[in-house]
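One structure below.
The values are calculated or read from the model by the stated rules, or taken from the named source; none is laboratory data. Computed from a predicted structure; not experimentally measured. Note that each Cβ is placed from the backbone with ideal geometry, even for glycine, and that neighbours are counted across all protein chains shown. Heavy atoms of the whole protein, side chains included, go into the accessibility calculation; ligands, DNA and RNA do not. Shrake-Rupley method; radii C 1.70, N 1.55, O 1.52, S 1.80 Å.
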Amino acid sequence: MLEGLIRETDALGVLTGDGWLLVDNNGIIVHATPEAGPFFGLPASQLTGLPLGIRLDGQPGRRLRLPASDRLVSLRWEAVPQPDLPLTRVLLRDVTALATAENQLAAAREAAQAGERAKNHFLANITHEIRTPMIGILGMTELTLATELAPKQREYLEMARHSAQSLLTVLNDIVDYARIEVGVLELARLPFDLRATAEEVISVFKPLAAKKGVSLTFRFVGAVPQTLLGDASRLRQVLVNLVGNAVKFTDAGSVVLVIARTGQGQAASQLRLRFEVRDTGIGIPADKIQAIFDSFTQADVSPARRYQGAGLGLAIVRHLVGMMGGTYGVDSVEGTGSAFTFEIECALPESFKDAVAPEVVQEPSSLRPLTILLAEDNPINQIYVQELLEMDGHEVVVAHTGRRALEALRKKRFDAILMDIQMPEMDGLEATRAIRSDDSGDFDPAIPIVALTAHALKGDRETFLRAGMDEYLSKPVSPGDLAAALGRVMDAPAKDGTAAPAAPVTTGVVLDWAELLGKARGNTGFLVKLFGAFVAEQPGTLAAMREALAAPDLARLAFLAHSLKGASATMCAPALREACHDLERASRAGDPGRATAALAGVETTLDDVLTAMRAKIAAA
């Protein structure tokens, strides 16, 4: 029996080229095939009677390295029943070359992935660097267009603005695509107004459609709710890409956005919505339809193509719809038109109110003209508050920090101070304490002080009163609230610490034009001036935020987020305000990962705000 088992084992060695051994219950080698010798650095005949030295337990196929030959082997074994001598047959397979190839493949894969990540980070960084001066150019162009210009000058500036906006669109697509590829793009889950979102998308392309003589409309089909939970900004981005393409490729006829409810979602609080963008444009060749959703792909790639672009818009649509758990498709006939569709599952908020707040008519200010010191570091808030005060006949002096506010007090007599809470060098609380404790005689230490804060939280009232402040207002400051607060502190009533209520905020709205008009008392010229300043200011803010995150200096990032939050509140941009609030909280929590994702949200939402502002400036 043993001789037959040895012959069988030798035949296996010749057939497979592997090393084979027969081992008894004590781990002693009874027989070794010639192929097994090199594994142990000895002739096979000298292995007989030696201990194997390898434990035959654990998972069969496990790998181990043999010290005698430095070979990596895969180890397998099986029991061979023998009536007089129980044996185990052991297989040793040399996997040294295979392991080397696997390691090289893994290294190559990691290098390729690292290269892809580096490419995407480079794309994001370089486009940000280009975008920063480009947004500045657009801002200055729009400010200039708001002035008196000769017809030829206006024509040249309109051409410059159009070229800059075209470049900015390409850059924004590259940035978004890079974020998606890197995996840092996350979807928000906030209540938003679906009808308002659709109206905003249509309003962006109305001027171009009207210029081309194309009808551009939208409609709801079925019981489509007005308020949903989701990422309004990313849904808007998908619709902007689809509607923008439809208008661009349609020279006559119509473009229609149809939003329909197609059924119930998986949960009781969910439903499915279908979005369809139909046009009567040039259509898509049948052999190009499958490729148009690929990155950097266009239906017409010829040098003489009529329609420009980077070929990223539909790739971004594909990624975003996929992130929303949806499906997409296209039906097109060349020369007749196209219908792009996508279907997503949306959530309903637990409760919401559709009631419209009653309009409040503010009584004109009865205050005598005052000399007011405005301590505020944000340029947008400076312009806005100063304009409101000067419209009521007050004289305003602006100080950019708490320290400069103290210096201004020693040089001029003021009736009251409007004090921002967060400022560089010396914040509003420190400045207030310094004013109240001053005994130099240069100014009245009991001068009325009204705090301005971007986000009034529980406990702020006590903190402000302990510091010596008389009133506080939560940004955005309305004309009526500002006049009422000044009236209270100048009449010097007993302090009850009651703060003016914050203006209601509709989360997800990009720009609340109705509220802005009310705050500006219908002065659209003032709003155009304010928009221009905001558009010109933000590239520097974003650059500073990115530098603070890269440092990382999360304390400075929190300060910058707070400052932009206040400015966005002033501009009636609630979605941006909430995004800045998220960034501020993540930075104060010392969480770089959350801060990175939150900063991406700020940048995206800020893009939406700037786009809306440019549209208003252009229409002015």
State which residue is least open to solvent (accessible area, probe 1.4 Å) when the search covers only region 319-338 and only residues that are part of a loop (DSSP other than H, G, I, E, B) and in contact with a strand residue (DSSP E or B) (Cβ under 8 Å, 6 or more places away or on another chain).
-> Gly326
Is it true that Arg71 is crowded, with 16+ Cβ neighbours inside 10 Å, at pLDDT 90 or above and of a type in the set (Lys, Arg)?
-> yes
Since Lys288 meets every condition but one in (1) buried (at least 19 other Cβ atoms within 10 Å of the Cβ); (2) without any contact (Cβ under 8 Å) to a residue 12 or more places away in the chain, which condition does it not meet?
-> (1)
Can you tell me which of Leu557, Leu530 is assigned by the TED database to the domain that holds Ala586, in contact with a helix residue (DSSP H, G or I) (Cβ under 9 Å, 6 or more places away or on another chain) and under 13 Å from Pro592 (Cα atoms)?
-> Leu557
Any idea which of (1) at pLDDT 80 or above; (2) of a type in the set (Ser, Thr, Tyr); (3) within 18 Å of the chain's Cα centre (by Cα) is the one Ser563 doesn't satisfy?
-> (3)
Residue that is open to solvent by less than 60 Å² (accessible area, probe 1.4 Å) and within 53 Å of the chain's Cα centre (by Cα), where the choices are Val90, Val30, Val23, Val95 | Val95
Given (1) modelled with pLDDT of 85 or more; (2) part of a helix (DSSP H, G or I), number of the condition Gly525 does not satisfy | (1)
Selection status of Leu85, modelled with pLDDT of 75 or more, in the same structural domain as Ala36 (by the TED database), within 25 Å of Val30 (Cα to Cα) and open to solvent by 60 Å² or more (accessible area, probe 1.4 Å) = yes
If you go through region 98-112, how many residues are under 37 Å from the mean Cα position of the chain (by Cα) and β-branched (Val, Ile, Thr)?
-> 0
Given (1) within 29 Å of Ala232 (Cβ to Cβ); (2) modelled with pLDDT under 70; (3) outside the structural domain of Leu576 (by the TED database), where does Gly497 come up short, assuming only one miss?
-> (1)
Inside region 197-278, counting only strands (runs of 3 or more DSSP E) that do not spill past its ends, which hold 3 or more residues that are modelled with pLDDT of 85 or more and open to solvent by 30 Å² or more (accessible area, probe 1.4 Å)?
-> 214-221, 253-264
Tell me, please, whether a residue that is at pLDDT below 80 and not assigned by the TED database to the domain that holds Phe559 can be found in region 409-420.
-> no
Name the residues in region 279-318 that are modelled with pLDDT of 50 or more and assigned to a loop (DSSP other than H, G, I, E, B), would you?
-> Thr280, Gly281, Ile282, Gly283, Ile284, Pro285, Ile292, Phe293, Asp294, Leu312
Of Ala551, Ala573, the only residue that is over 19 Å from Ser474 (Cα atoms), out of contact with any strand residue (DSSP E or B) (no Cβ under 6 Å at 6 or more places or on another chain) and either at pLDDT 85 or above or outside the structural domain of Tyr384 (by the TED database) (or both) is Ala551
